[in-house]
Amino acid sequence: MSNQNNFTLWLTGLPAAGKTTLGKAISQELKNQGYKIHHLDGDEVRATASEQLGYCPTDRDKNISLAIDLAKKYQDNGYIVIAGFISPYKRHRQWGREKLDNYIEVFINSPLEVCEARDPKGIYQKARTGEIKFFTGISDPYEVPINPEIILETNPKDVAECVNEVMEYLKEKGFI
């Protein structure tokens, strides 16, 4: 779609809250409607970083800064960006607001116990045993967003319901 409004949907929430799953589903829905989309995922960006980034606050800052720079480049090249990053600190999300055009914060609100039960990678267990330091929600804080544009409750809502909420918001606000 040549006259699309570029924006970044910034999906934030605890590990295993559903950021990747929802990001892929939202991206697919927008692609199906003819929009030019780029999906940025935290694990992918971390894996492509030029240095090995851990989870301490300094490394998290570097990771989010890199992600925002990448999102900006895609926006500048005409893409709608769907970005799924824990971005645990308020300052991370503020950086996105300051640097990205049409930044839309989407808080994936899933309780810690639900995320821990989902845990597809077994990382919560590693965090509980101390194998992973600075783990968001366990040994490092997740600062809950104060005024996100969208709050998605992934428990009890399913993926389709959450995608529909996002699409309704985007239509209502004139982004699509």
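The values are calculated or read from the model by the stated rules, or taken from the named source; none is laboratory data. Predicted model, so just to flag it, every value in this text is computed and none were measured. With ideal geometry, Cβ positions are generated from the backbone for all residues, glycine too; neighbour counts draw on all protein chains shown.
Results, tabulated for the structure shown:
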read-out	value
Odd one out for ASP76 among (1) surrounded by fewer than 21 Cβ atoms within 10 Å (Cβ to Cβ); (2) within 22 Å of ASN5 (Cβ to Cβ); (3) in contact (Cβ under 8 Å) with a residue 40 or more places away in the chain	(3)
Unmet requirement for GLY78, which otherwise passes all of (1) assigned to a helix (DSSP H, G or I); (2) closer than 17 Å to PHE175 by Cα	(1)
One residue from GLY130, GLY84, GLY122, GLY96 being at pLDDT 95 or above, farther than 16 Å from LYS19 by Cα and small (Gly, Ala, Ser)	GLY96
Subset of segment 124-176 (residues that are in a loop (DSSP other than H, G, I, E, B), of a type in the set (D, E, K, R) and farther than 13 Å from LEU14 by Cα)	GLU131, LYS133, GLU149, LYS157, ASP158, LYS173
Selected residue (only one of TYR103, TYR124 is aromatic (Phe, Trp, Tyr), closer than 20 Å to ILE146 by Cα and touching a residue at least 60 places away in the same chain (Cβ under 8 Å))	TYR103
Evaluation of ASP43 against (1) surrounded by fewer than 20 Cβ atoms within 10 Å (Cβ to Cβ); (2) assigned to a loop (DSSP other than H, G, I, E, B) (one fails), failing number	(2)
Residue that is surrounded by the fewest Cβ atoms within 10 Å (Cβ to Cβ) [pool: residues in segment 83-111 that are part of a strand (DSSP E or B) and small (Gly, Ala, Ser)]	ALA83
